[in-house]
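Written below as structure tokens is the structure these notes are about.
The values are calculated or read from the model by the stated rules, or taken from the named source; none is laboratory data. In this text, all values refer to a predicted model and were calculated from it rather than measured experimentally. Using ideal geometry, Cβ is built from the backbone for each residue, glycine included, and neighbour counts are taken over all protein chains shown.
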Amino acid sequence: MKSIFKIALTGALICLISFQASAQASKYKCMLQMSNYMGEGAYIVVSLLNAKGEYEKTLYVMGDDKKWYTSLKEWHKFHSKKPSDDISAKTGASVTGGDRSMTTIEIDDSKINAGYKLRFESAVEDQKYYVTDLEIPLTTEGLADKTEGKGYIRYVRLNKI
């Protein structure tokens, strides 16, 4: 009887440890440098995309006036289908040309080296919209590299904290 109890307790502990290991997340300092463009502040959304390239989660939004969220067209389609009550906790000011932004984002450790990526989508009032200003593969190497943008973002660098 004692051995069955020990086996059951050991199994429960292993399950608990496995669950905790899979549910851990790490924080990353995200340094974003904007290119020198003329115009209004850019609205930028940082999204987690799964291995199929589908939106899974909003990690951060730069720009807190919700009326401009429609300018981030692809993300807005996802967000309007799955509105998040905690989006206001993930927002900050928009970023203008030449500026630098420092934010902290949290990434679930189970997404690293599992085919996921971060997408930085950007839009500026009365200017071009970049659905993929830049993407960072969630790999050990991808998170360590400086990634160049294609639009309003000059580059992004992530550092684990």
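Quick notes on this structure:
- The residue that is nearest to the chain's Cα centre (by Cα), among those in segment 62-76 that are in a helix (DSSP H, G or I) and surrounded by 16 or more Cβ atoms within 10 Å (Cβ to Cβ), is Trp75.
- Tally, over segment 36-56, of residues that are in a strand (DSSP E or B) and in contact with a helix residue (DSSP H, G or I) (Cβ under 9 Å, 6 or more places away or on another chain): 7
- The residues on offer are Ser122, Ser71, Ser94, Ser101, and the sole one that is in contact with an Asp or Glu (Cβ under 6 Å, 6 or more places away or on another chain), in contact (Cβ under 8 Å) with a residue 24 or more places away in the chain, among the polar types (S, T, N, Q) and closer than 22 Å to Arg154 by Cα is Ser122.
- Unique match (being modelled with pLDDT under 95 and touching a strand residue (DSSP E or B) at 6+ places or on another chain (Cβ under 9 Å)) among Ala123, Ala93: Ala93
- Condition met for Ile136 (crowded, with 19+ Cβ neighbours inside 10 Å and within 11 Å of the chain's Cα centre (by Cα)): yes
- The single condition from (1) at pLDDT below 90; (2) surrounded by 12 or more Cβ atoms within 10 Å (Cβ to Cβ); (3) in a helix (DSSP H, G or I) that Ile17 fails is (2).
- Residue in segment 139-161 that is nearest to Gly97 (Cα to Cα), counting only those that are among the β-branched types (Val, Ile, Thr), touching a strand residue (DSSP E or B) at 6+ places or on another chain (Cβ under 8 Å) and surrounded by 14 or more Cβ atoms within 10 Å (Cβ to Cβ): Ile153
- Evaluated against (1) under 17 Å from Ser71 (Cβ atoms); (2) part of a strand (DSSP E or B), Arg154 falls short on exactly one condition, (1).
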